[in-house]
Amino acid sequence: MSDRLLGVLTRRRASLLLLAVVLCLPPFYLDAFWLRIGLFSLAAAIGATGLALLSGTAGQLSLGHAFFLAVGAYGYAWLAGEPGPGLPPALAALLAVLLAGAAGGLFSPVAARVKGIYLGIATLALVFLGHHVLLTADSVTGGFNGRSVPPLTLGGFTFAESDPELTVLGVPFGAEERLWFLGLALFAFTWFTARGLLRGRPGRALAALRDSETAAAVMGVDVARHRSAAFVVSSMYAGLAGVLLALAFRRVVPDYFSLALSVDYLAMIVIGGLGSVAGATAGAVFVTALPLLMARYADQLPLVTAPGSAEGAVGPTEAARYLYGAAIVLVLLYAPDGLHGLARRVRGRVRRRRSRTPAPDTAVPSSSQPAAAARPKEHTP
């Protein structure tokens, strides 16, 4: 049994190593458009992981995820930029994540006492309040036009176009190539910390809280403290996603952090699978990449027109929303546990079929045949 477990762990580590190597290859082969899609998808996966912990694991509905993304993005742009304190970019990024967590902490007393649809409506107020602040606080946010985002610098290395130019294996590394590896590092950090939370005592406590607050309280779970902690952790993941989005966009504007963005994140975790880090990642890639790909190939798709066409035509953004809206309906009807659960069931069926099919050289003789037919009887002199 121990040898079998060791083999499974070895294969899993080999698979993770292979995946890491594959994810490091795109900057050497893909152009800037595909790398931008990857960056936006990585940022969305980080934010969706936080929402999956909050809504999927802890069972708390939140429609205010865009607010905490805005806190992280604008917090970094203000802390590292001018006008602003002009802090070192790495310190500004860390403080922006902590600022998003502090904003979640200020709201956590509400999250500790309100649940269900009432919590969703309460978090909805955060989006409208945050959008109003972003439009009116010109000295911090830049108002309607937003503000530019300073590039991130770590140890003298700048994640942007800079002199001297960087070339790796004959490939020039611009802003997208450099940010790709930063996004991978942040996503890997998010992946392992979130899975550690889910597999540890906090994850089991949140799952018990989601299933039954009364039963969780009887087992010794501090209901209010764990619900507040889930909201703070989710806010910090959203703040980290906001920082990466700001670096990828290079300019932040208020209209991006609207209610539609919160709905997009809900769609990500529903399509991918509630309470699953892998499912949140799959849903984030699907919802983020689909409108960008449709905008790129709008002239080759039926019933879809290029952006800026005649009024009344279906643009790529609207068409993408129709498609993943239909995907949500199909998931709710036929795969309530999302893409992650669907993939898990498919793998289980494949394994069962393999276990039921005996190898040709190890086939067991049919019980209907006599024993003499299975092994010839030796002649006795």
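Quick one: would you say Gly81 is within 30 Å of Gly200 (Cβ to Cβ) and open to solvent by less than 20 Å² (accessible area, probe 1.4 Å)?
Working: within 30 Å of Gly200 (Cβ to Cβ): no; open to solvent by less than 20 Å² (accessible area, probe 1.4 Å): yes.
Spelling it out, it is not the case that Gly81 is within 30 Å of Gly200 (Cβ to Cβ) and open to solvent by less than 20 Å² (accessible area, probe 1.4 Å).
Candidates are the residues of the range 8-38 that are aromatic (Phe, Trp, Tyr) and over 21 Å from the mean Cα position of the chain (by Cα); the one that is nearest to Pro291 (Cα to Cα) is Tyr29.
Only one entry in Ala194, Ala185 is closer than 21 Å to Cys24 by Cα and small (Gly, Ala, Ser), namely Ala185.
If I filter the range 179-201 for residues that are in contact with a Pro (Cβ under 8 Å, 6 or more places away or on another chain), closer than 27 Å to Leu19 by Cα and not hydroxyl-bearing (Ser, Thr, Tyr), do I get at least one hit? Scanning the range 179-201, I find at least one residue that is in contact with a Pro (Cβ under 8 Å, 6 or more places away or on another chain), closer than 27 Å to Leu19 by Cα and not hydroxyl-bearing (Ser, Thr, Tyr), so the answer is yes.
Apart from one condition, Leu274 fits all of (1) more than 26 Å from Val71 (Cα to Cα); (2) not in a helix (DSSP H, G or I); the exception is (1).
Only a single criterion out of (1) at pLDDT 85 or above; (2) open to solvent by 50 Å² or more (accessible area, probe 1.4 Å); (3) closer than 30 Å to Thr153 by Cβ is not satisfied by Arg199, namely (3). When we screen Leu169, Leu179 for residues that are in contact (Cβ under 8 Å) with a residue 40 or more places away in the chain, buried (at least 18 other Cβ atoms within 10 Å of the Cβ) and among the aliphatic types (A, V, I, L, M), the only hit is Leu179.
Every test in (1) hydroxyl-bearing (Ser, Thr, Tyr); (2) within 23 Å of the chain's Cα centre (by Cα); (3) surrounded by fewer than 18 Cβ atoms within 10 Å (Cβ to Cβ) is passed by Tyr74 save one, and that test is (3).
Considering only residues of the range 52-68 that are in a loop (DSSP other than H, G, I, E, B) and of a type in the set (A, V, I, L, M), which is nearest to Pro202 (Cα to Cα)? Only one residue tops the list, namely Ala58. Evaluate the range 230-247: report whether one residue or more is farther than 25 Å from Ala102 by Cβ and open to solvent by 10 Å² or more (accessible area, probe 1.4 Å). No; the residues of the range 230-247 include none that is farther than 25 Å from Ala102 by Cβ and open to solvent by 10 Å² or more (accessible area, probe 1.4 Å). In the range 294-303, the count of residues that are part of a helix (DSSP H, G or I), at negative phi and touching a residue at least 40 places away in the same chain (Cβ under 8 Å) is one or more. For the range 223-268, give me each residue that is of a type in the set (Val, Ile, Thr) and out of contact with any Asp or Glu (no Cβ under 6 Å at 6 or more places or on another chain). Result: Val232, Val233, Val243, Val252, Val253, Val263. Is it true that some residue in the range 220-229 is closer than 18 Å to Ser276 by Cβ, modelled with pLDDT of 85 or more and either assigned to a helix (DSSP H, G or I) or open to solvent by less than 60 Å² (accessible area, probe 1.4 Å) (or both)? Within the range 220-229 (the criterion being closer than 18 Å to Ser276 by Cβ, modelled with pLDDT of 85 or more and either assigned to a helix (DSSP H, G or I) or open to solvent by less than 60 Å² (accessible area, probe 1.4 Å) (or both)), the answer is no, since none of the residues qualifies.
Please work out which residue is farthest from Pro302 (Cα to Cα), limiting yourself to the range 323-341 and to residues that are of a type in the set (A, V, I, L, M, F, W, C), surrounded by fewer than 16 Cβ atoms within 10 Å (Cβ to Cβ) and free of Cβ contacts under 8 Å to residues at least 40 places away in the same chain. So the residue we want is Leu333.
Take the conditions within 23 Å of the chain's Cα centre (by Cα), in contact (Cβ under 8 Å) with a residue 40 or more places away in the chain and buried (at least 23 other Cβ atoms within 10 Å of the Cβ) and apply them to Leu54. Does it pass? Walk me through it before giving the result.
Values: within 23 Å of the chain's Cα centre (by Cα): yes; in contact (Cβ under 8 Å) with a residue 40 or more places away in the chain: yes; buried (at least 23 other Cβ atoms within 10 Å of the Cβ): yes.
Criteria met by Leu54.
With respect to the conditions (1) open to solvent by 10 Å² or more (accessible area, probe 1.4 Å); (2) at pLDDT below 90, Ala216 falls short on a single one, namely (1). No other residue among Phe157, Phe144 is of a type in the set (Phe, Trp, Tyr) and either closer than 22 Å to Val252 by Cβ or buried (at least 16 other Cβ atoms within 10 Å of the Cβ) (or both) apart from Phe144. Return yes when Gly84 is on the phi > 0 side of the Ramachandran plot and in contact (Cβ under 8 Å) with a residue 12 or more places away in the chain and no when it is not. Against the criterion (on the phi > 0 side of the Ramachandran plot and in contact (Cβ under 8 Å) with a residue 12 or more places away in the chain), Gly84 qualifies.
The values are calculated or read from the model by the stated rules, or taken from the named source; none is laboratory data. Just so it is clear, the model here is predicted, and its values are computed rather than measured. Here the Cβ is made from the backbone with ideal geometry for all residues, glycine too, and neighbour counts use every protein chain on show. Accessible surface is based on the protein model in full, side chains and every heavy atom, while ligands, DNA and RNA are left aside. Shrake-Rupley method; radii C 1.70, N 1.55, O 1.52, S 1.80 Å.
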